[in-house]
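All remarks here apply to the structure that follows.
What follows draws every value from the coordinates through simple rules; no lab data is involved. Since this is a predicted model, take the numbers as computed values, not measurements. Reconstructed Cβ throughout: ideal geometry from the backbone, glycine too, with neighbour counts over all protein chains shown.
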Amino acid sequence: MAREDLRRRGRNQDAGQSKSYSYYVTGTSRGERADPLGNLYSVYYDDRARALQFIDEENRAVNQTFDNHDRVAQRTYPEGNSVQFAYDDVTQQVKRSFSSVQGLSRLPKRSYRESYC
């Protein structure tokens, strides 16, 4: 949910074929989207409007932490896998490291550097 949407209290979006999604925002701490079946996707924000937690329709949570410059420092997924981010002095992402929970082979432990022109 974009920061501009934080000011809105509720909104409906027609997805066609008589399916409608509803969006709700409570102050600046939580935003929700209800799908046509009534399942909720929620985003929780801190007092600086940074998205700290995403909870999907199956109640699985993804958590984020931030560095002192409001950039995502780490993202942790429901199964325990995580991604750490590093940035250069002009806030461009230069490194992304992956960590996986023992026993899960889908996400190998690795890191790589990205370069920007």
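When only DSSP loop residues count, what trypsin sites (Lys or Arg not before Pro) in segment 60-94 have their Cβ near at most 16 other Cβ atoms within 10 Å?
R60, R71
Please go through segment 26-73 and write out the GluC sites (Glu not before Pro) that DSSP classes as loop and that have at most 16 other C-beta atoms within 10 Å.
On the way: sites: E32, E57, E58; in loops: E57, E58.
Passing both the DSSP loop test and the Cβ count: E57, E58.
Please list the non-local residues whose amide H lies under 5 Å from the amide H of Y87, H modeled 1.01 Å from N, same-chain partners needing a gap of 5 or more.
Hits under the 5 Å cutoff: V94.
Can you list the HN-Hα couplings for segment 31-39, worked out from phi with the Karplus curve (6.51, -1.76, 1.60; θ = phi - 60°), rounded to whole Hz and with x for Gly and Pro?
x, 9, 10, 9, 7, x, 8, x, 6
Given a Förster distance of 30 angstrom, what is the FRET efficiency for L52 paired with A86, based on the Cβ-Cβ distance and rounded to 0.05?
Details: r = 20 Å, r/R0 = 0.66.
According to the calculation, E is roughly 0.90.
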